[in-house]
Structure formats: structure tokens, C-alpha cells
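Data first, discussion second: the structure below is written as C-alpha cells.
The values are calculated or read from the model by the stated rules, or taken from the named source; none is laboratory data. This one's a predicted model, so the numbers in the text were calculated from it and none came from an experiment. Heads up, the Cβs are rebuilt from the backbone with ideal geometry, glycines too, and the neighbour counts pull from every protein chain shown. Heads up: the accessible areas ignore ligands, DNA and RNA and are worked out on the full protein's heavy atoms, side chains in. Shrake-Rupley method; radii C 1.70, N 1.55, O 1.52, S 1.80 Å.
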Amino acid sequence: MTATQSIQPVLRSDYRPPTYWIENVELEFDLDPRETLVTARIAVRRNSQQPSDTLDLAGENLKLQSVAIDGKRLDGDQYQLRDDGMTLLNLPESCQIETKVLVSPLTNKSLSGLYQTSGNYCTQCEAVGFRRITYFLDRPDVMTTYRVTIRGDKKTCPVMLSNGNRIAAKDLDDGRHEVVWEDPFPKPSYLFALVAGNLKCHRGTFTTRSGRDVALEIWVEPQNIDKCEHALVSLQKSMKWDEDVFGLEYDLDIYMIVAVNDFNMGAMENKGLNVFNSKYVLALPDTATDEDYMLIEAVIAHEYFHNWTGNRVTCRDWFQLTLKEGLTVFRDQQFTADQTSAAVKRIDDVSGLRAGQFVEDSGPMAHPIRPESYISMDNFYTATVYRKGAEIIRMYHTILGAEGFRRGMDLYFQRHDNSAVTCDDFRAAMADANNINFDRFDRWYSQAGTPELTVTESWDAAKSEYALTMTQSYPTLPGGNPGTEDRNPVPLPVRVGLLDAESGEEIEQHSGVVMLDTETETFTFSGLSAKPIASVLRGFSAPVRLRMQRDNEELAFLMANDNDPFNRWDAGQTLATKLLIDAANGLADGRALELSEQFRDAFGRVLSDNSFDEAFKALALTLPRESVLGQEMDVIDPDSLHTARQFYRRRLAECFQSELTSLYNELAADGAYKNDQKSINRRRLKNVVLAYLSVLDVPACISRVSNQFHQADNMTDKQAALSLLANLDVPERDAALAAFYDQYKTDPLVIDKWYAVQALSSRPDTIEHVKQLTSHPDFSVDNPNRVRSLIGAFTQNQVRFHQADGAGYKLLADYVLEIESANPQLAARLVAAFNSYRRFDESRQTQMQDELKRIAEHPGLCKDVHEIVQRALHF
Ligand code: TRP
Ligand code: ZN
């Protein structure tokens, strides 16, 4: 394969059905670290829609041993072999193809295909990893049934798993044994999985609503067997929720989850055999934070929900990825909202969207939720496809209501169970089930970029009429990225409420959703006795940037009175953003920093308001992150933003020191660890309060943080205190870091936290520490969690990564080059930290561009990194 061949983009418009379908497949694995023999027998039948006697099978990094058709071995001139696959010619209408290949799990560091992790075998096939296991029609529209025979060493591989049901097992000679698995459900190859090794099982059961018993099995390394109960309970809750809310029942008699240490993403929904990053399975109060517990529950739910939205109904081609991911993220968000607090969950999700997806959508990687082209599909498992995709699904839900949405889902499954479909099919099911036209909604799938929604108001006292004029537009992007030309207005559901300006009370008859279907429209509200205050885009009802001129009084009013909790929170964030950007800009003009009295008073009201639950209060007291603030600056100035934000934090802490101290003391008196929702919320608030107190340079405050660290009986409090100490220049810092390391050195997931708190430190010498940590004996470039916890976390540390001398940029580029050939997926994710370079001053831009060029010129650069870097350089 020449370099130019490998970097040809794949286009959505090039979709063609395959020339053959696969009727069933038999796989045999003879496991060996360096030479695993994979035998595949594939029964194929010509696709009458696509008459051709030629069949292209994908294959990568395979050592072909033999090919046979209907038992007859082929000579070298009867097929064409390429680096990315093989072509079989003159095939009959139907036949059986048998291939034998060798693969090397031990040396496979890409974590795609069959690889070893902590001495065990495991597979990752999405999106295109199955072709690294055997020659195949490795595309999601080819669904078939699998029968899998695994042979392995009894000592090193006592446990051997694959999808579906275990139908046979026997001992062989030479200390080996054999297990046979059969999956009755047809599936695409990306859902195949095999796991083998020395694992222990934490078991449970679930009885479905129709009365079937399902065996639940969580497989982990022996030392982790005591850390599985939370994952199991999360799975049981997820199964129940999908029955209650969507009427969806699990279909096999067994559901297995395996936790592995080396994994490129969060988890994978392989049919009946999920493979998880151990970070999203293992938890004890002493090793996992409240946030970890929540994430585990959410990821377990996400993968479980894929069984219907992804596996039973799958994607026709990879451009349709959001069909399963956007929908499944929406489902897991609703699930978490039901388990915890809908308002807090919504705020967390929108913060994540703004911090991650909005940035992506305004940079070189901007793409529609259904992309038009890719070089490496792995680069399109993005915030846009997942999170913006979930927002698009949420809009159907907002427009149709829960019942209408459910009717659409029912029709979707009725029409498409056991098939591979498109986003258009989903949209059609939602429309047809509700007799509604969703044609215009198509634009949400084909246009990139975040729409801006500009809202102006007018009040006609004579007519007692209030009007909101809403206008939508798309910002222009410099790139010429597909999906950013000729963009048209999208249907926007805007949830609105009107508040009485005197009493702050809701004027009920005017609350609801208005639809902005065109570029601009005016919505009039009549019968009002005085000009109201509008609350617009409640619950963040559409993924847009809201532009509405508000003075500080009005924002403070909404902060105090809006009964939509999302907007109540957002008003505070908008006010803080305005003030902090102004303060940061002022620094450049030599203006002194000053805490706004309005903001101080609003902050004080939140602090003393006991009508909020603690988790909401924690969010309302938190200033927008530096990366979110940066987006609102014309040119991001990381230093002045950091200085301004730190100044605000310190001034607020000084002004409210006694209130914060007594609130901390009250919350800290909760006693021994409990993990009910109330206790979790109280810890969240306590640690936000502690963070304010920690910036006061007084010994009492430092010892309070240090005491919390040393006395904590749970990881939430311990990690929170450690990350605050990590920002300080005090002896307590080093003592705490050393104690933490010493206590947890045998637990890699906890040591990841130790790396991350140091990489995220706001100290000016952070980059020096990060460099030193890369040569720490525990640092390994083979483990993605470790790389993300140090290098990945560092790139999120806006003020330190963007240090003016470019040292942070060089460090990132060096690591990208160090890992790109072994693990292209991971390297490509890291290098995306350069994607925002156009948003910075000239000197930083040039330095980032130089690093991008250095990477681009690297001989033999992998195509994943190539794609990101080229898009960035041409932006
Ligand atoms: N489908 C997985 C999910 O539910 C994503 C995923 C897991 C993945 N591992 C991967 C995607 C490896 C690409 C490569 O989110
Ligand atoms: Zn998913």
C-alpha cells in the first residue's frame, strides 16, 4: 500500500451495498501470544441487487496462510492480495470461503483487533478492527450469525469468552482446552468479541418483565473481584429502566462485562460481551470518587442501551454513527437524570457540550453529526457525533413529548429490528409515528457549526404586548470544511417562560415551546400588565449559542427567580462570563482588577439560599471554566483569563470567608462515608466550598485542606483535597502527594488520579513536573489511561499548556510522535489539542503551527494523526 492510497478519504456519497452477503461464519482461534491462528469459514451468497462475481474482503496486519473456496485451496494467481485486503474473482452464486491467518496479540499495541492486556487476550473491533483479525466484509451492513471456537492454554487462559451462549467445552492434549460459543443474533463484525485469560467472575441475575432469568457476569482480574458490586447494580438498574421507559427487554440468557486495563475508549457494546475500560467498572469508596461512581453507572447504562439502539438496529455505514451513538447518549442521559437530579444532570451535560463540542464545531474538525467524509473513521468518534447527536435526539423529544417520542421509537424497532439503517430511517419513524413533517430536520444532520440564536425583545405598553424576535445564523468558518457551505435555517424548539418583573413569579399561560422554523420570526405574548422578564432557551432546548443583550440586573434577577433551574444556573454563568472577560480584557489595558458588587451580592444570595439542593448550589457557586471563558474572547489570552478568574475566586473567598467556613464545617460534620444521593450532593458542595477557602493564603485554610486529605475516609474527599494542595506552594503539598502515592501505588486507576492532579495544577512550574513525571517508573506510553491522565490532562490545563514560550506545545508534539505508530487512535486524540490554535495570539499560533508541521513531516506518519494535522494546518 502506498502512502497516497492509504490517505484517500471515504465519502458518504460513495456508499454501495456489498456484492455478496454473508449467511454465517465459523471462527476458530488457536491462541498464542505471537502466532494466533485464526481460521474463518464464511458462507457467502451473491447480492442479487448488486450482481458481480468479485468479492473484496478487508484485511490488515494479517499473515495469510491459505485461502480455499468450497474446500479447494486457491493458488496465488486466483486472488489478489493487498495491504488492506484481498479480492476474490469469479466466485459462484454461493460458496464457502475458508481463510487461515496468523496474528500477533502480544505485539499489537494499537488496542484494535486481537491484543493482549495485562497478560489476557481481548478484542476491540469497532469501527474497523475486525479486519485485523481475519479477512472479512468488515462493514456494519453485513450482519450474520457467528459460531466461535477458542482453543487456549488451560493455565494462562482458564476463561475463554465470546458472544452469545457457551454451547460446548472440552479438554485437549498438551494442557490446552476448547470452548465453543454461538450467537443466535445476526450482527455486524464490529460487535464481535473474544476475551481469554485468568479472570474472576462477580455474578448476579436479572429477571426480565416477561419472567426470563438472565445471568449477569462481571469478569475482572482476580485482585479486583471486590470492586464489582456497583457495576452489577448499575447494570440491573439499566435493564429495569429500559423496560420501564422504552419497553425494551434483554434478549439473550447471559450478559457479560469484562474489565481491561488497556483500552482506547470508555467501553464497547459487543453483543452479550461488553468490554470495558476498567476505569468504568471498578469501584470502592476508598478508590473511586462520587463522580467515578456516577460515570460507571452511566457507561454501564450506555453500553447496555446499545443492545437495542446499536446492536439489534445498527448502522448501514459508519457515516450513520450518530444513529446509534447520539440516540444512546440521549438514553443514558435520561437514565442518569432519573436516577439523580434532572436539573443537575442537564447542567453537567450542557457544560460538557459547551466545553468540548462547541470548540470542535468552530475549529478544523467541525463536521455535521453525520459526516460527509473521513480518512480514519476512528477520528469521528467525536463530541459532535455523540453529544451534539444526543441534543438532536433531545429536540425530537422536546417537540413530540415523551409519549410521541416513545411512539417513534416503537415504530423504529418495529420497522428495523435486525437490520442496518440510516439516520433518515430514524427521522422517518419519528415523523410517521406522529404524523408530523420532519423534512427540515434533515439539516441538523448535514450542517456543521453551532447556530447562533439572537433574541431581541420589545414591549408595547399600549397594546399590553411583549414580543421576542428570534433570528438564527451560522458563524463563518475559515476552513471550507464539508457541511459548512450554504447552511440553511434549522428547526429550533425554543422553550420560553415569562416572569413578572415585580414578583419574579412565572406567568404560567405563556410558558412553553415556540418553534423557530425560519431565519427570523417574532413571537408575541399578549394580555400582560407590565413588561415581563423572559427566560429563553430553558433547559437548553436547542444546541445553539444564545445571544441576548441583558444587563447585569436582569441576569441577577433570573439567577434569583427563574424557576427553570438550568436557566437559573445559566444566568449566573452568563453574568460571570461577562464580568470575567471584561476583567481579563481590562488587564491588557492596564485596568486594575475589581470584584463586581453585583456579582458579589448575587453570589452571596446563592450561598445563603437554602431552597437549592446541594449539588445545584455547588454548580451555581462555580465560575465558568477557563476553556469556556476563552471561547468568548476575540483572541484567547490564557494568562489574563487565569489571573482574572483567580482574582475573583480569591475576592469571593475573602468576602464570604465566614459564611464559607461555617458551611464547610456544617457539611464536614456529616460523619462516616455514605453513598446515598444526598450525601453525594453534600460532598460536592463541600468540596466547592473548600476550593474557595483554599485560595486564601492563611495557614488555617491550608491546614483545613491538608486535614481533609489526611482524614478522608473516601476518595472523593481525598482527591478533592489533593488537587487543591497540588495548586499550592507549601510543604503540605509534597507530603500529601508522597503519602497518596505510597498508599495507592499498587492500584493503577488511583495512580492515574495522582498523575492527573499534578498535570492539572495551576502552579507555574507544572510543565516541569509533567516532564519529570514522564520519566517516573510508573509512566507508560502503552497504557492509554496513563497517557490521558498525564499528557491528556495537561492539554486541558489551559493556562499551563499554552505557556507563552511554547514548551507545552513541544511536549505534546514529542509525545504524539512517540506513540503515533504504536497507537494511532490515542495519538490522534491527543494531537487534537492543537485544533484551537487559530483562536490564540500570533506568537502562540505560530508555535503551534510549527509543531503541527513538525508532526506532519514525520516520515510514515499514521493516517489517524495525518488527518487531524492536515485539517488543522489547512484551517
Ligand atoms: N461504541 C463505543 C461506545 O459505546 C465506542 C468505542 C469503544 C470505540 N471502543 C472504541 C470507538 C474504539 C472507536 C474505537 O461509545
Ligand atoms: Zn456508544
Report summary line: To the nearest 20 debye, the chain has a Cα-centred charge dipole, built from +1 on Lys and Arg Cβ and -1 on Asp and Glu Cβ, of 840
Report summary line: For region 752-795, the dipole about the Cα centre with charges only on Cβ (Lys and Arg +1, Asp and Glu -1), to the nearest 20 debye, works out at 100
Query raised in the report: When the helices in the chain are scored as -39500 (n - 2.57) per DSSP H run of 4 or longer and the sum is shared across all residues, what 222 nm value do you end up with, to the nearest 500 deg cm²/dmol?
Result: -12000 deg cm²/dmol
Query raised in the report: Over the C-alpha atoms of region 10-198, what are the Rg and the largest Cα-to-Cα span, Dmax, in Å?
Result: 16.4, 53
Query - Mean projection area, nm², convex hull over Cα of region 314-446 - result: 8.2
Query - Accessible area per residue, Å², the chain with all protein chains present, probe 1.4 Å - result: 38
Query raised in the report: Which of 364, 689, 575 sits farthest toward the positive end of the charge dipole of the chain, with +1 on the Cβ of Lys and Arg and -1 on the Cβ of Asp and Glu?
Result: 364
Query raised in the report: residue 548 versus residue 338, label points 7 Å from Cα toward the beta carbon: distance in nm?
Result: 3.1
Query raised in the report: Please state the relative contact order of region 125-272 as a whole percent: Cα pairs under 8 Å, 6+ residues apart?
Result: 23
Query - Potential extension, residue 198-residue 853 segment - 0.36 nm per residue separation minus Cα distance - result: 231.3 nm
Report summary line: For residue 258, other-chain or 5+-apart residues with amide H closer than 5 Å (H placed, Pro excluded) are 219, 274, 275, 276
Query raised in the report: Where the eigenvalues come from the Cα gyration tensor of region 131-282, what are the semi-axes √(5λ) of the equivalent ellipsoid, largest first, in whole Å?
Result: 24, 20, 16
Report task. Please report, as a whole percent, how much of the solvent-accessible surface of region 10-198 comes from carbon and sulfur atoms (probe radius 1.4 Å). Result -> 43
Query - Gain in span if fully extended, residue 165 to residue 212, counting 0.36 nm per residue against the direct Cα distance - result: 15.4 nm
Requested in this report: Within region 486-505, which residues have the backbone N less than 17 Å from the label spot 7 Å out from residue 452 along Cα→beta-carbon, could you tell me?
Outcome: 486-490
Query raised in the report: Of 599, 81, 392, which is farthest along the charge dipole of the chain in the positive direction, counting Lys and Arg as +1 and Asp and Glu as -1 at C-beta?
Result: 81
**Report entry** Local electrostatic count, residue 650, Cβ distance below 14 Å [Lys/Arg +1, Asp/Glu -1]
**Finding:** +1
Query raised in the report: What percent does the relative contact order of region 820-875 come to when contacts are Cα pairs within less than 8 Å and at least six residues apart?
Result: 47
Report task. Could you list the square roots of 5 times each eigenvalue of the Cα gyration tensor of the chain, that is, the equivalent ellipsoid semi-axes, sorted largest first and rounded to whole Å? Result -> 46, 33, 27
Report summary line: Once Lys and Arg are counted +1 and Asp and Glu -1 for all other residues with Cβ under 12 Å from that of residue 396, the total becomes +3
**Report entry** Within region 333-397, trypsin sites (Lys or Arg not before Pro) in DSSP loop having at most 16 other beta-carbon neighbours inside 10 Å
**Finding:** none
Query raised in the report: When the accessible area of region 314-446 is computed with all protein chains present and a 1.4 Å probe, what percentage of it is carbon and sulfur?
Result: 41
**Report entry** Local electrostatic count, residue 785, Cβ distance below 10 Å [Lys/Arg +1, Asp/Glu -1]
**Finding:** +1
Query - Two-site FRET efficiency, residue 734 against residue 176, from Cβ-Cβ distance with R₀ of 56 Å, rounded to 0.05 - result: 0.60
**Report entry** In order through region 36-50: 3J(HN,Hα) via Karplus (6.51 cos²θ - 1.76 cosθ + 1.60), integer Hz, x for Gly, Pro
**Finding:** 7, 8, 10, 9, 10, 10, 10, 8, 10, 9, 4, 7, 4, 6, 9
Query raised in the report: Taking a point 7 angstrom from the Cα of residue 502 along the C-beta vector, which residues in region 458-491 have backbone N less than 17 Å away?
Result: 461-462, 464-465
Requested in this report: Of the options 467, 824, 239, report the single residue whose Cα projects farthest towards the positive end of the charge dipole of the chain (beta-carbon charges: Lys, Arg +1; Asp, Glu -1).
Outcome: 824
Query raised in the report: Over region 1-127, what relative contact order in percent results from Cα pairs under 8 Å that are six or more residues apart?
Result: 25
Requested in this report: Can you figure out the FRET efficiency of residue 63 with residue 89, using R₀ = 30 Å and their beta-carbon distance, to the nearest 0.05?
Outcome: 0.85
**Report entry** residue 461-residue 13 FRET efficiency (beta carbon distance; Förster radius 51 Å; 0.05 resolution)
**Finding:** 0.35
**Report entry** Separation of alpha-carbon centers, region 130-198 and region 303-336, rounded to whole Å
**Finding:** 24
Report task. Go through region 71-83 residue by residue and turn each phi into a ³J(HN,Hα) via Karplus (6.51, -1.76, 1.60, θ = phi - 60°); whole Hz please, and just put x for glycine and proline. Result -> x, 9, 5, 8, 7, x, 8, 9, 8, 10, 10, 10, 5
Query raised in the report: Short version: ³J(HN,Hα) in whole Hz for each residue of region 523-537, in order, from phi by Karplus 6.51 cos²θ - 1.76 cosθ + 1.60 (θ = phi - 60°), x for Gly and Pro, what are they?
Result: 10, 10, 10, 10, x, 9, 8, 8, 4, x, 10, 8, 10, 10, 6
Query raised in the report: If you take the Cα atoms of region 65-104, find Rg, then find the Kirkwood Rh from the mean of 1/r over all pairs, what is Rg/Rh?
Result: 0.96
Requested in this report: Could you tell me how many degrees, from 0 to 90 and to the nearest 10, lie between the Cα long axis of helix 863-873 and the main elongation axis, the longest principal axis, of the Cα atoms of the chain?
Outcome: 30
